[in-house]
Amino acid sequence: MKTISKKLISLFFCLLSLSFCFAQEERDPRLDYGDDNPLIKTEFDGIYCIKPHYNNKEIIEKEKPYIILVYEKDTKDFVKSFDNVVRDWIGMGGWNGQVVPTDYTFITKDYKQYVVKADKYTIQIIKKGKFENPKRTIRILETLCYAQLVLLLLIVVFIIIKQIKKPKSLQNQILQIQEEEKSKISREIHDTVVQDLRAIRIGAEAIQTEDSNQKNRVVEDITKCIIKMRNICYDLSPAELADAMRKDDDGIDLISIIETLCKQFTTKTNIDSSIQIDKSITYPLFDKTTCLNVVRVFQEILNNINKHSYATKIIVLIKPPAENLLTIFVIDDGTGCKIETLNPKNLKNHFGIRNMRERMSSIGGTVDFFSSPDEGMKVVLKIKTEA
């Protein structure tokens with residue numbers, strides 16, 4: 001009976017000891033330096049330090065160091081790194097319940113021991129040298145991210161600028177191709193159809209017939225066809241423009257080409273035209289691209305006057321260059337129109353006017369229209385000149 005009682009008492013005390021251990025009221029003998037060594041709070045709430053662990057100096061110096069990284073348990077934010085960690089364990093008893101079995105404790109090369117509260121933090125163990133400073137690395141990663149973002153923005157800006165410039169470049173290429181095709185068509189018509197018509201007219205003139213009126217009508221009709229075909233060829237590629245474009249130099253006399261176009265316009269349409277130029281000054285020469293686009297715009301203006309204005313007279317006024325701009329006014333006495341109809345927003349079907357604007361924009365110039373019903377129209381061309 002006594003034996004059983006002793007066993008029960010021993011078992012009771014064992015259970016009591018275990019309960020004290022799990023109740024965290026027993027001090028860990030490895031860190032028991034007496035009452036002069038309480039847990040010392042650090043700058044981080046939930047991380048404590050214990051005074052140097054000199055009694056394990058030999059063991060500590062032999063241990064291979066590593067690094068412990070401490071993170072916030074909820075947010076996973078990095079808090080602190082402990083370098084030269086040589087020994088660690090999880091869970092201890094003692095310090096009046098300040099350490100629980102799941103807390104993290106470890107010793108560093110400077111013999112200090114730390115306690116990290118598990119309810120606040122988690123830890124990550126890595127090899128020394130692999131990740132020396134997490135905060136620094138995070139800053140580097142952030143910097144790289146910002147650098148990539150800036151690079152991406154620069155690429156986007158570059159693409160946008162390229163796309164903005166691309167239509168102009170593409171438009172110039174299209175215009176160049178169009179001019180080449182016009183010249184080719186003009187030559188083909190002149191060398192084939194016009195020559196054939198001339199041969200037919202000569203043949204018609206040689207026909208022996210008693211009805212001279214019929215013969216004259218045939219010859220007259222053929223002559224009209226020749227004139228029409230010549231006009232088409234001229235519109236496609238004016239001789240003055242073609243000659244200028246074949247020159248090696250870029251100094252083209254735009255004013256003389258405009259004068260010739262006005263004379264040809266009067267001959268073709270019987271609409272009186274006059275050109276006003278200050279003969280006392282020397283007007284600038286222009287490069288091929290500028291000359292080509294201005295001539296095409298001027299031709300389109302004359303064509304619109306012939307087709308739509310019912311004008312009897314036009315005046316072309318060329319002002320002396322001012323502020324690196326040459327200004328050309330084309331004024332007719334036709335029926336005019338409501339200027340709102342020429343607003344860029346209403347030009348979906350006005351291909352001619354839209355084309356004029358695009359051509360002038362491609363050379364850094366402008367074309368503006370001023371008109372009212374029954375008051376004719378004034379078109380103003382502004383062309384950049386060299387400073």
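Quick check on this structure: which one of 289, 266 is open to solvent by less than 60 Å² (accessible area, probe 1.4 Å), at pLDDT 75 or above and hydroxyl-bearing (Ser, Thr, Tyr)? First the steps, then the outcome.
Working: 289 fails: open to solvent by less than 60 Å² (accessible area, probe 1.4 Å).
Step by step, each of 289, 266 is checked, and only 266 is open to solvent by less than 60 Å² (accessible area, probe 1.4 Å), at pLDDT 75 or above and hydroxyl-bearing (Ser, Thr, Tyr).
Of the numbered criteria (1) open to solvent by less than 60 Å² (accessible area, probe 1.4 Å); (2) of a type outside the set (Phe, Trp, Tyr); (3) in contact with a Cys (Cβ under 9 Å, 6 or more places away or on another chain), the one residue 305 fails is (3). Candidates are the residues of the range 79-94 that are open to solvent by 20 Å² or more (accessible area, probe 1.4 Å) and among the hydrophobic types (A, V, I, L, M, F, W, C); the one that is modelled with the highest pLDDT is 89.
If a residue has to be part of a loop (DSSP other than H, G, I, E, B) and either surrounded by fewer than 15 Cβ atoms within 10 Å (Cβ to Cβ) or in contact with a helix residue (DSSP H, G or I) (Cβ under 6 Å, 6 or more places away or on another chain) (or both) to count, how many in the range 52-62 make the cut? Walk me through it before giving the result.
Step one: list which residues in the range 52-62 are part of a loop (DSSP other than H, G, I, E, B), which gives 52-53.
Checking which are either surrounded by fewer than 15 Cβ atoms within 10 Å (Cβ to Cβ) or in contact with a helix residue (DSSP H, G or I) (Cβ under 6 Å, 6 or more places away or on another chain) (or both) leaves us with none.
Residues in the range 52-62 being part of a loop (DSSP other than H, G, I, E, B) and either surrounded by fewer than 15 Cβ atoms within 10 Å (Cβ to Cβ) or in contact with a helix residue (DSSP H, G or I) (Cβ under 6 Å, 6 or more places away or on another chain) (or both): 0 in total.
Checking the structure you have, find out if any residue of the range 292-315 is over 21 Å from residue 269 (Cα atoms), part of a loop (DSSP other than H, G, I, E, B), touching a helix residue (DSSP H, G or I) at 6+ places or on another chain (Cβ under 8 Å) and at pLDDT 85 or above. Looking through the range 292-315, none of the residues is over 21 Å from residue 269 (Cα atoms), part of a loop (DSSP other than H, G, I, E, B), touching a helix residue (DSSP H, G or I) at 6+ places or on another chain (Cβ under 8 Å) and at pLDDT 85 or above.
The values are calculated or read from the model by the stated rules, or taken from the named source; none is laboratory data. Quick caveat, the model's predicted, so the values are computed rather than measured. Because the Cβ atoms are built from the backbone with ideal geometry, glycine has one as well, and the counts that use them run over all protein chains shown. SASA here: full protein model, heavy atoms, side chains in, ligands and nucleic acids out. Shrake-Rupley method; radii C 1.70, N 1.55, O 1.52, S 1.80 Å.
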